[in-house]
Amino acid sequence: MKRSSSSIRARTLAIAPLLALTTAASFTAKPNVVTVVATDFAFEMPDSIPAGPTRFELKDHGKWQHHMGVYRLDSGRTAADGLDALIKAGKGVRPSWMHSIGGPNAAMPGAAENATLVLEPGSYLAYCEIPGPDPARHYAKGMVKGFVVTPRAHGGDLPKADLSIDLVDYDFVLAHALTRGHHVISVTNSSRQPHMLAIRRFPIDHPPGMAGNELVAWAADPKGTIGPAEAAGGVTEIAPGSQVVFERDFEKGLYLLICFTADAADGKPHFKHGMQKEIIVR
Ligand SMILES: [Cu+2]
């Protein structure tokens, strides 16, 4: 990951003087933007995306919360193989040929969330594993999409973050407190197994210590409801060593940070190992 992002940067630097001569005004270090429209229950997005720094902009046009998990598949594996494996594994550990690269975590209906990361060439599978309302996961209803990342790299850099969050076994380590307002947040997986950062916003006067249990109970049996809290983005599952940046506005509230990934050793979801955290934003 590091090697190829630096080679992308080297290439960008090499062509920068030429671009400066001809298109000085239009040259920026912004990543390629890919708009993904989530509906009930499908993704509308390009079949092919150039490699390099990419911002996925997930717009929820459905009636339910949606997110966008992304796997890079080893060569020879198809999107259909990926869907098969997801259905077989259920909540358990996925095969080692599926590499979690992250994407925007859950958006509310009518809202949008984002994630910026460096895409390597290869075959990919986007999926939504939010449950319900019945409670089958959305990928089982067709909310999966295969796409290809082509070798011609797009330039640009990951956005500069004002807050970093480390995913470790089994905690979310914030460099400093999350405050009200707009933030660009860099999420890095510093552990030896995949993790995610799912964020939900509860009212600020919500009884402390309850949010995790309420969200987990809902996920097991949504009873046709959209959930006990507002979806507030984050990053879907990422592999060890990966970095993904997302940005959003944080209003006041009680925020739950939680990881649903199945543990590499015992298969239990990480929130059962304590990977859940409440944060108050005033
Ligand atoms: Cu985890």
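Summary table
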quantity: Solvent-accessible area, 1.4 Å probe, carbon plus sulfur percent, for the chain; calculated: 56
quantity: Prolate/oblate/rounded label for the stretch 163-281 (Cα gyration tensor, a/c 1.5); calculated: oblate
quantity: Surface accessible to a 1.4 Å probe, Leu174 within the full protein complex, Å²; calculated: 40
quantity: Partners for Lys272 among lysines (Cα-Cα distance below 20 Å; same-chain residues under 8 apart left out); calculated: Lys91
quantity: Within straight-line cross-link reach of Lys30, aspartates and glutamates at Cα separation under 15 Å, skipping those fewer than 8 residues along the same chain; calculated: Glu57, Asp157, Glu247
quantity: Highest-first arrangement of 62-68, 274-280, where packing means the average Cβ count within 10 Å; calculated: 62-68, 274-280
quantity: Anchor Lys141: aspartates and glutamates whose Cα lies under 13 Å away (excluding residues fewer than 8 positions away in-chain); calculated: Asp40, Asp84, Glu129
quantity: Segment Ala217-Ala177, length gained on full extension (0.36 nm per residue, minus Cα span); calculated: 11.6 nm
quantity: By accessible area with a 1.4 Å probe, ligands and nucleic acids excluded, highest first: order of Ser191, Ser75; calculated: Ser75, Ser191
quantity: Simple spin-label estimate for Glu44 and Asp266 in nanometres, 7 Å along Cα-Cβ; calculated: 4.5
quantity: Dipole magnitude of the stretch 80-133, debye to nearest 20 (Cβ charges: Lys/Arg +1, Asp/Glu -1, about Cα centre); calculated: 160
quantity: Estimated [θ] at 222 nm from DSSP helical runs (n ≥ 4, -39500 (n - 2.57)) normalised by residues in the chain, nearest 500; calculated: -5000 deg cm²/dmol
quantity: Mean separation of Cα contacts under 8 Å, 6 or more apart, over the residue count of the chain: relative contact order %; calculated: 21
quantity: J(HN,Hα) series, the stretch 106-122, from Karplus relation 6.51 cos²θ - 1.76 cosθ + 1.60, nearest Hz, glycine and proline x; calculated: 4, 10, 6, x, x, 9, 9, 10, 9, 8, 10, 7, 9, 8, 8, x, x
quantity: Nearest 10 degrees, 0 to 90: helix 2-23 Cα axis against the chain principal axis; calculated: 50
quantity: Total charge dipole magnitude, the stretch 163-281, about the Cα centre, Cβ charges on Lys, Arg, Asp, Glu only, Debye to nearest 20; calculated: 80
quantity: Greater than 20 Å apart at Cα, pairs in Lys252/Lys277; Lys63/Lys252; Lys223/Lys252; calculated: Lys63/Lys252; Lys223/Lys252
quantity: Built amide H within the under 5 Å cut-off of Gly233, gap 5+; calculated: Ala106, Ile199
quantity: Solvent-accessible heavy-atom area per residue, rounded to whole Å², over the stretch 163-281 at 1.4 Å; calculated: 41
quantity: Rotationally averaged projected area of the stretch 241-282 (alpha carbon convex hull; nm²); calculated: 4.0
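The values are calculated or read from the model by the stated rules, or taken from the named source; none is laboratory data. Since this is a predicted model, take the numbers as computed values, not measurements. Positions of Cβ are backbone-derived with ideal geometry, glycine not excepted, and every protein chain shown enters the neighbour counts. Surface accessibility is based on the protein's heavy atoms, side chains included, excluding ligands, DNA and RNA. Shrake-Rupley method; radii C 1.70, N 1.55, O 1.52, S 1.80 Å.
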